[in-house]
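Engineer: Dropping a structure here in structure tokens format, bear with me for questions.
Every read-out reported here was derived from the displayed coordinates using simple, explicitly stated rules and does not represent laboratory data. These numbers come from a predicted model, not from an experiment. Don't worry about glycine lacking a Cβ; one is built from the backbone with ideal geometry, like all the others, and counts go over all protein chains shown.
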Amino acid sequence: MSGEFSMDILKDLQARGLIYQSTDLDALQDRLSKGPITLYCGFDPTADSLHIGHLVTVLTLRRFQLAGHHPIALVGGATGLIGDPSGRTSERTLNSREIVTEWTEKLKKQLSRFLDFESSSNPAKMVNNYDWIHSLDVITFLRDIGKNFTINSMLAKESVSSRLERGISFTEFSYMILQAYDFYQLHEKYQCELQVGGSDQWGNITAGTELIRRMHEEKVTVHGLTLPLITKSDGTKFGKSASGAVWLDPEKTSPYAFYQFLLNVDDHDVIKLLKVFTFLSLEEIKELEQEVATRPEKRVAQRTLAEEVTRLVHGEEALKRAVNITQALFHGEIRKLTAQEIAEAFQDVPSATITDHQLPLVDVLVQTGAAKSKREAREFITNGAVTVNDVKVTDLTIKVDELDHLAGKYLVIRRGKKNYYLCELAQA
RNA sequence: GGAGGGAUACCAAAGUGGCCAACUGGGGCGGACUGUAAAUCCGCUGGCAUUCGCCUUCGUAGGUUCGAAUCCUACUCCCUCCA
């Protein structure tokens with residue numbers, strides 16, 4: 001990914017709707033026109049995986065790298081121990097050091113997939129702020145760093161002021177200083193001149209640009225950029241599925257579920273999402289917009305979005321499986337699935353193991369969770385809502401033995417359009 | 001401190017001795033339609049029982065009655081008004 005240097009990165013970001021706030025866009029444009037810049041974005045280990053929302057900033061780092069700049073992905077091994085108050089209404093619960101270390105490692109692994117660390121011209125870097133913060137002694141912290149912040153300006157930040165009513169610990173209150181210090185460190189070590197982050201990071205980013213300015217007697221200017229929170233046309237935040245967050249970790253959200261999530265986005269949102277989450281050119285996206293307008297039922301835009309992003313996050317092989325599973329599940333071809341595909345498709349689907357082959361299907365529905373009670377199970381069967389291995393079942397008294405078994409031991413139960421349950425038959 | 005009103009199923013809200021497992025609306029879930037969409041229409045929405053039917057539920061605990069969500073008593077919580 002040694003991409004040729006491009007001066008149009010800001011224009012591209014702007015056209016994709018990716019710029020929310022910035023310190024001084026003209027000054028940044030000016031700086032960018034003079035040559036490659038080093039920039040960074042931080043990710044705190046607040047969970048054992050990044051989710052689809054994080055992708056907005058991660059991919060922005062990648063966009064900068066593709067444009068010839070030097071991206072640094074920072075994992076917050078130290079800041080994750082403190083807790084960022086930004087965008088939160090209540091105090092965080094501290095996680096143990098062991099947990100944070102474990103999560104830090106997982107994030108590093110995930111992040112590394114999106115950047116090129118081997119490039120000969122502009123390789124990416126991965127850093128952990130634990131490396132410089134854990135050894136920071138309290139006297140240095142208060143004398144050399146803290147002296148550059150006034151309580152007044154700290155209280156004025158949204159992240160703090162919104163919490164004064166309900167309360168905020170000194171720990172979280174101090175968070176912005178650590179993030180500012182990160183920016184300072186990266187500026188000193190790597191000449192990092194730009195920090196990007198989500199819209200809730202504005203206060204922390206400007207704390208950093210301020211600190212750097214003061215540490216250099218006002219002679220140095222660095223830049224900050226925030227990206228918008230991605231919302232759907234109904235105004236709600238993008239990235240939550242019925243079963244919770246959409247994770248990048250395939251163990252937490254299977255590539256199939258990930259693909260499905262994107263395939264199902266609303267017509268009103270898909271173009272915006274293509275701009276944010278894919279590297280397709282704006283011309284290509286324009287064509288897809290035409291498709292949505294003229295042949296919405298084809299869902300070419302959604303399909304493209306799902307394919308592009310799934311490939312990016314999970315790779316070509318996982319994408320193929322996801323497409324295959326989708327084909328099988330929604331076009332009545334469950335029988336064509338391989339054992340591995342069955343496992344993936346039903347990874348996070350409720351399941352049950354049955355040893356009594358004389359059990360009525362009604363009970364199987366209850367045991368797998370497809371129905372809450374036998375009464376409800378009968379209702380579903382009567383309504384024609386139940387399918388076993390693609391065959392609609394309407395017989396209330398049918399037993400496990402009388403049904404067809406997939407691969408000799410599976411009952412793939414579908415209730416309604418998209419609710420799947422797996423029942424495995426075992427020997428008693 | 002005084003006066004009054006209220007607590008019903010996921011939410012809202014009827015019911016004021018038997019016809020109440022509880023009107024109605026929303027939500028949810030199914031079905032039809034469709035683009036794995038939106039809108040619309042139809043059905044279901046305490047549990048068990050293949051039928052009769054049985055069991056648990058209307059703030060909590062008791063009581064009256066053949067029979068209570070509905071009447072009585074005590075308790076808990078909430079709201080409004082006057083101080």
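Engineer: If amide H atoms are built 1.01 Å from N in the plane of the peptide, which residues on other chains or at least 5 residues away come under 5 Å of the amide H of A:Lys399?
Structural biologist: Amide H neighbours of A:Lys399: A:Leu361.
Engineer: What GluC sites (Glu not before Pro) in the stretch A:76-134 are in a loop by DSSP, with at most 15 other Cβ atoms within 10 Å of the Cβ?
Structural biologist: A:Glu91, A:Glu118
Engineer: Also, I was wondering about something else. Would you please put A:54-60, A:165-171 in order of how densely packed they are, using the mean number of other Cβ atoms within 10 angstrom per residue and starting with the highest?
Structural biologist: Most protected by this proxy first, the peptides run A:54-60, A:165-171.
Engineer: Enter the mean projected area of the convex hull around the alpha-carbon atoms of the stretch A:351-425, in nm², rounded to one decimal.
Structural biologist: Averaged projected hull area, Cα only: 4.1 nm².
Engineer: Here's a follow-up. Suppose the chain between A:Lys109 and A:His134 were pulled fully straight at 0.36 nm per residue; how much longer would it get relative to their current alpha carbon spacing?
Structural biologist: That works out to 6.8 nm of additional length.
Engineer: Another question, if that's okay. Above 31 angstrom, tally the Cα pairs of chain A and express them as a % of all pairs, no decimals.
Structural biologist: For chain A, the fraction of Cα-Cα distances above 31 Å is 50 percent.
Engineer: Straight-line reach from A:Lys409: which aspartates and glutamates have Cα under 12 Å away, leaving out those fewer than 8 places along the same chain?
Structural biologist: Leaving aside aspartates and glutamates fewer than 8 places away in the same chain, those within reach of A:Lys409 are A:Asp401, A:Glu424.
Engineer: Here's a follow-up. Each label point is 7 Å from the Cα along the Cα-to-Cβ direction; what then is the distance between the points at A:Lys418 and A:Glu333, in nm?
Structural biologist: 2.0
Engineer: Multiply the residue gap between A:Thr93 and A:Gln290 by 0.36 nm, knock off their C-alpha separation, and tell me the result in nm, one decimal place.
Structural biologist: Between A:Thr93 and A:Gln290, full extension yields 66.2 nm more.
Engineer: Which pairs in the list A:Lys232/A:Lys275; A:Lys125/A:Lys189; A:Lys108/A:Lys237; A:Lys272/A:Lys298 are over 20 Å apart, alpha-carbon to alpha-carbon?
Structural biologist: Beyond 20 Å between Cα atoms: A:Lys108/A:Lys237.
Engineer: With θ set to phi - 60° and the Karplus curve 6.51 cos²θ - 1.76 cosθ + 1.60, what are the ³J(HN,Hα) couplings of the stretch A:409-424 in order, to the nearest whole Hz, using x for Gly and Pro?
Structural biologist: 8, 10, 10, 8, 9, 10, 10, x, 6, 10, 9, 10, 9, 10, 10, 9
Engineer: Sticking with this structure for a sec: Show that you can apply the helix-only estimate: for chain A, add -39,500 (n - 2.57) for every DSSP H stretch of four or more residues, divide by all residues, and state [θ] at 222 nm to the nearest 500.
Structural biologist: Using -39500 (n - 2.57) per qualifying helix, the result is -12500 deg cm²/dmol.
Engineer: I need to check one value: relative contact order of the stretch A:225-326, counting alpha carbon pairs closer than 8 Å and at least 6 residues apart, in percent.
Structural biologist: The normalised contact order for the stretch A:225-326 reaches 31 percent.
Engineer: Which values, in whole Å and largest first, are the semi-axes of the equivalent ellipsoid of the stretch A:214-301 obtained as the square root of 5 times each eigenvalue of the Cα gyration tensor?
Structural biologist: 32, 20, 12
Engineer: How long, wide and thick is the stretch A:240-345, going by the Cα atoms along their three principal axes, in whole angstroms, largest first?
Structural biologist: 40, 28, 26
Engineer: Taking 7 Å along the Cα-to-C-beta vector as the label spot, tell me the A:Val300-A:Glu283 distance in nanometres, rounded to one decimal.
Structural biologist: 1.6
Engineer: Which loop-located GluC sites (Glu not before Pro) does the stretch A:168-274 contain, where loop means any DSSP state but H, G, I, E or B and the Cβ has at most 10 other Cβ atoms within 10 Å?
Structural biologist: A:Glu217, A:Glu218, A:Glu251
Engineer: Which of the trypsin sites (Lys or Arg not before Pro) found in the stretch A:340-391 are loop residues per DSSP with 11 or fewer other Cβ atoms within 10 Å of their Cβ?
Structural biologist: Taking the stretch A:340-391 and a limit of 11 other Cβ atoms within 10 Å, the loop trypsin sites (Lys or Arg not before Pro) found are A:Lys372.
Engineer: Taking all pairs of distinct Cα atoms, average 1/r, flip it, and tell me the Kirkwood hydrodynamic radius of the stretch A:129-245 in Å to one decimal place.
Structural biologist: Kirkwood radius, the stretch A:129-245: 15.8 Å.
Engineer: Ok, one more. Is any residue of the stretch A:396-428 close enough, with backbone N under 17 Å, to a label point placed 7 angstrom from the Cα of A:Gln358 along the Cα-Cβ axis, and if so, which?
Structural biologist: A:397-403, A:426-428
Engineer: In addition: Calculate, for A:Asp8 and A:Tyr190, the FRET efficiency according to 1/(1 + (r/R0)^6) with r their C-beta to C-beta distance and R0 22 Å; round to the nearest 0.05.
Structural biologist: Efficiency at R0 = 22 Å is approximately 0.35.
Engineer: Using Cα positions and a limit of under 12 Å, work out the aspartates and glutamates in reach of A:Lys399, with same-chain residues fewer than 8 apart set aside.
Structural biologist: Leaving aside aspartates and glutamates fewer than 8 places away in the same chain, those within reach of A:Lys399 are A:Asp356, A:Asp363.
Engineer: What number results when the radius of gyration of the stretch A:1-140, computed over Cα atoms, is divided by 2.2 N^0.38 Å?
Structural biologist: In units of the 2.2 N^0.38 Å rule of thumb, it is 1.15.
Engineer: With Cβ to Cβ distances under 14 Å as the rule, what net charge do the other residues near A:Asp48 carry (K, R +1; D, E -1)?
Structural biologist: Once positives and negatives cancel, what remains is -2.
Engineer: Right, here's the next one. What net charge is computed for the residues neighbouring A:Gln185, neighbours being all others with C-beta under 13 Å from the C-beta of A:Gln185, Lys and Arg scored +1, Asp and Glu -1?
Structural biologist: Surrounding charge for A:Gln185 is -2.
Engineer: Give me the one-decimal nm value for the distance between modelled label points at A:Tyr20 and A:Thr397, 7 Å along each residue's Cα-to-Cβ direction.
Structural biologist: My value for the distance between the label points is 6.2 nm.
Engineer: Based on DSSP, what percent of beta bridges with both residues in chain A are antiparallel, to the nearest 5?
Structural biologist: 45
Engineer: If we count other beta carbons within 10 Å of each Cβ, what is the order of A:Val138, A:Val270, A:Val391, fewest first?
Structural biologist: Ordered from fewest to most neighbouring Cβ atoms within 10 Å, A:Val138, A:Val270, A:Val391 come out as A:Val138, A:Val391, A:Val270.
Engineer: Next up: Can you tell me the Rg and Dmax of the stretch A:75-176, counting just the alpha carbons, in angstroms?
Structural biologist: When restricted to Cα atoms, the stretch A:75-176 yields Rg and Dmax of 16.4, 51 Å.
Engineer: Also, quick follow-up: I'd like the Karplus ³J(HN,Hα) series for the stretch A:244-258: coefficients 6.51, -1.76, 1.60, θ = phi - 60°, whole numbers in Hz, and an x wherever there's a Gly or Pro.
Structural biologist: 3J(HN,Hα) across the stretch A:244-258, in whole Hz: x, 5, 9, 8, 8, 6, x, 6, 8, 9, 5, x, 5, 5, 5.
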